[in-house]
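The numbers here are math on the coordinates, done by the rules we state, and not lab data. Given the structure is predicted, the values throughout are model-derived calculations rather than measurements. Cβ coordinates were reconstructed from backbone atoms using ideal geometry, including for glycine residues, and neighbour counts include every protein chain displayed.
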Amino acid sequence: MKTIAAKALLVASSLFLMHGAAFAGQQDFTIVNKTGYPLKHIYVSETHSNSWDEDILGRDVLNDGEYFEVAFGKAEKTCKWDMKVAYDDGETAVWEGLDLCQISKLTLKWNKSTGVTSAVKE
């Protein structure tokens, strides 16, 4: 169906879901699903990591048209992160080296004619 190019509990030891500006990390960003399909899993790991951290959606699904706020601990200093999303049919998309210190929103879109998922950075 789709071939892919690529509120939160990210790196268990260094990232935490926190509310309020006092706890905001400079890497905080919002994922907007405009793919037309539900996303079942989202993984975010430090660039150059050999494995993916836990699914930040947990048991939730990010339906088309919904958004998800990813929050980092204020003490987190790493800016470069990789992200992987998985659709409910198992297809995945991966983005490497996202500079989350410069990105506030990623809008994910799927192109039916090319079968590619893209991410528009803001």
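Just want the ordering: K112, K74, from fewest to most Cβ atoms lying within 10 Å of their own Cβ.
Values: K112 9, K74 14.
In order of increasing Cβ crowding within 10 Å: K112, K74.
Is region 21-110 best put as rounded, prolate or oblate by its Cα gyration tensor, with a ≥ b ≥ c the root eigenvalues, rounded for a/c under 1.5, and otherwise prolate when a/b is larger than b/c, oblate when not?
Details: a/c = 1.81, a/b = 1.43, b/c = 1.26.
The shape class here is prolate.
Would you mind checking K34/K74; K40/K84; K84/K121 for any pair whose Cα atoms are more than 18 angstrom apart?
Beyond 18 Å between Cα atoms: K34/K74.
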